[in-house]
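Each remark here refers to the structure printed beneath this line.
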Amino acid sequence: MMKNEKIRGFEVAKGWENKSINLPVRKTKHSAGYDVEAAEDVVIEPFVPGCKPTLVHTGLKAYCQEDEWYMLAAKSSTPFKKHLLLANGIGIIDADYYGNPDTDGEFMYAYYNMGSEPVTIKKGEYIGQVVFQKFLIVDDDVSGGERLGGFGSTK
């Protein structure tokens, strides 16, 4: 590995360069997750059947190796303190999401508010965490497609 070779990490996504976006950090040397902040203020209204989740922007993109992915997870206190649940349980972001033409690879958290009152998330507030992982493939794997878009574009 060359000294300047990028292995995995975070960058500010296009369109967010001048908006004081902080890169995620681990709070302790044994933390698995990198804590992620909201890129802007957002209000998450209480859940109503049939409503779509609220996307919380991070202003961030992440890069990793071809045999890796990263997980977007809620912080463990989020459901208890704010009544927020990730709409998809966890977010699975593939390595080829980085830099895609639709979103530049910005990852966002999709939350439902299970409380009875609106929840305001302030810019800079911790909204979740990212954990990087390796993945395995089966012997007869035949994947060969290429990502052509951003959020939810894999078919």
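Any read-out appearing in this document is the output of simple, stated calculations on the displayed coordinates, not a laboratory observation. Computed from a predicted structure; not experimentally measured. No Cβ is skipped: glycine too gets one built from the backbone with ideal geometry, and neighbour counts run over all protein chains shown.
Can you compute the charge dipole magnitude of the stretch 17-114 about its Cα centre, using +1 on each Lys and Arg Cβ and -1 on each Asp and Glu Cβ, nothing else charged? Give it in debye, rounded to the nearest 20.
660 debye
Stokes-Einstein D for the chain at 4 °C, 1.567 mPa s, Kirkwood Rh over Cα pairs, in µm²/s?
Estimated diffusion coefficient is 78 µm²/s.
Explain nothing, just compute: Karplus ³J(HN,Hα) = 6.51 cos²θ - 1.76 cosθ + 1.60, θ = phi - 60°, for every residue of the stretch 28-34 in order, whole Hz, x for Gly and Pro.
My calculation for the stretch 28-34 gives 9, 5, 9, 6, 7, x, 9 Hz in order.
Using only Cα atoms, what is the ratio of the radius of gyration of the stretch 12-98 to 2.2 N^0.38 Å?
1.20
Provide the per-residue ³J(HN,Hα) series for the stretch 83-97, in order, calculated from phi with Karplus coefficients 6.51, -1.76, 1.60 and θ = phi - 60°, each as a whole number of Hz, with x at glycine and proline positions.
6, 9, 10, 5, 4, 10, x, 9, x, 10, 10, 7, 4, 7, 6
For n ≥ 4 DSSP H runs only, could you compute -39500 (n - 2.57) per run for the chain, divide by its residues and tell me the 222 nm figure to the nearest 500?
Roughly -500 deg cm²/dmol at 222 nm, from the helical runs in the chain.
Could you pull out every residue, at least 5 positions away or on a different chain, whose amide H is within less than 5 Å of the one on residue 37? Hs are placed 1.01 Å off N in the peptide plane, and Pro or chain starts have none.
Sorted by chain and number, the residues that satisfy this are 127.
Which of 96, 141, 67 moves the most in a Gaussian network model of the chain with Cα springs under 10 Å?
Between 96, 141, 67, it is 141 that shows the largest mean-square fluctuation.
Can you list the GluC sites (Glu not before Pro) in the stretch 18-90 that are in a DSSP coil and have 12 or fewer other beta carbons within 10 angstrom?
Taking the stretch 18-90 and a limit of 12 other Cβ atoms within 10 Å, the loop GluC sites (Glu not before Pro) found are 66.
For the stretch 53-61, in order, what is each residue's ³J(HN,Hα) by Karplus, 6.51 cos²θ - 1.76 cosθ + 1.60 with θ = phi - 60°, in whole Hz (x at glycine and Pro)?
Ordered by residue, 3J(HN,Hα) equals x, 8, 8, 9, 5, 10, x, 10, 10 Hz.
With labels modelled as points extended 7 Å from the Cα through the Cβ direction, what inter-label distance (nm, one decimal) is found for residue 87 paired with residue 8?
2.6 nm
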